[in-house]
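Notes follow the structure.
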Amino acid sequence: MNIGILALQGDVEAHADTLARLGVTPRFVRRAEALETVAALVIPGGESTTMSRLIERQDLLAPLQAFAAERPVFGTCAGLVLMARDPGDPRVTSLGLLDIEVSRNAYGRQIHSFTTTLEGRATGPVKAVFIRAPRIEAVGPEVEVLLTHAGHPVLVAQGPHLGCAFHPELNTDPRLHAWWLKRAGLLDPRESAA
């Protein structure tokens with residue numbers, strides 16, 4: 001099974017390594033036609049305004065929205081911002097995949113990065129790496145909050161889509177990627193994460 005990673009900018013290699021540990025084949029997506037070859041898509045962390053400009057430059061906005069209408073998307077950090085109904089910055093073009101409002105870089109600058117362990121009923125303990133992370137300020141009624149930090153949602157799901165304020169790809173635990181793929185019916189729920 002091929003799982004795409006939007007590879008315009010950002011942390012694509014770490015996601016590729018995580019997906020490979022799950023036994024799926026990561027494919028870098030840079031053009032619309034590549035979306036036809038993948039069953040799901042990861043939108044990685046990076047710089048959301050830069051990624052938004054590159055999406056527009058590559059004419060990917062409508063193809064990404066059409067893809068997400070039928071297949072699952074997992075956005076981390078900047079990917080979460082792009083998926084938000086309200087990305088909190090007029091320079092970011094929303095994909096409108098998650099009914100959430102976010103505030104970009106709300107957890108501080110690069111030097112304020114931190115790692116913590118979060119506990120969720122659906123996920124179990126998760127090591128969370130926050131780097132210039134967005135904060136989810138509000139969620140709509142269809143959004144499921146899976147993890148919180150300091151009173152704010154940091155992992156949310158809506159339908160087959162998953163949005164994460166932190167970087168799960170930066171540790172050796174592929175469980176969140178596996179959880180997303182299992183929820184979407186793309187990975188056998190009996191399989192354990194590698």
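For the stretch 123-137, give me each residue that is surrounded by 13 or more Cβ atoms within 10 Å (Cβ to Cβ), more than 19 Å from residue 10 (Cβ to Cβ) and small (Gly, Ala, Ser).
none
Quick grid of which residues meet (1) without any contact (Cβ under 8 Å) to a residue 40 or more places away in the chain; (2) among the charged types (D, E, K, R); (3) surrounded by fewer than 16 Cβ atoms within 10 Å (Cβ to Cβ); (4) farther than 14 Å from residue 133 by Cα:
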residue: 31; (1), (2), (3), (4): yes, yes, yes, yes
residue: 34; (1), (2), (3), (4): yes, no, no, yes
residue: 63; (1), (2), (3), (4): yes, no, no, yes
residue: 80; (1), (2), (3), (4): no, no, no, no
residue: 85; (1), (2), (3), (4): no, yes, no, yes
residue: 90; (1), (2), (3), (4): yes, no, yes, yes
residue: 103; (1), (2), (3), (4): yes, no, no, no
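What strands (runs of 3 or more DSSP E), lying completely within the stretch 104-170, carry at least 1 residues that are over 16 Å from residue 81 (Cα atoms) and modelled with pLDDT under 95?
Here the list reads 114-120, 124-130, 144-149.
Need pairs with beta-carbon distance below 9 Å; first residue under 12 Å from residue 68 (Cα atoms) and buried (at least 21 other Cβ atoms within 10 Å of the Cβ) and within the stretch 148-161, second of a type in the set (Ser, Thr, Tyr) and at pLDDT 95 or above; sequence gap 6+ or separate chains.
none
In the stretch 66-101, how many residues are among the β-branched types (Val, Ile, Thr), under 20 Å from residue 179 (Cα atoms) and part of a helix (DSSP H, G or I)?
Count: 0.
Based on this model, can you work out whether residue 190 counts as exposed (fewer than 15 other Cβ atoms within 10 Å of the Cβ) and either over 14 Å from the mean Cα position of the chain (by Cα) or not β-branched (Val, Ile, Thr) (or both)?
Spelling it out, residue 190 is indeed exposed (fewer than 15 other Cβ atoms within 10 Å of the Cβ) and either over 14 Å from the mean Cα position of the chain (by Cα) or not β-branched (Val, Ile, Thr) (or both).
The values are calculated or read from the model by the stated rules, or taken from the named source; none is laboratory data. Because the structure is predicted, anything quoted here is derived from the model rather than measured. Glycine also receives a Cβ, built like all others from the backbone with ideal geometry; neighbour counts cover every protein chain displayed.
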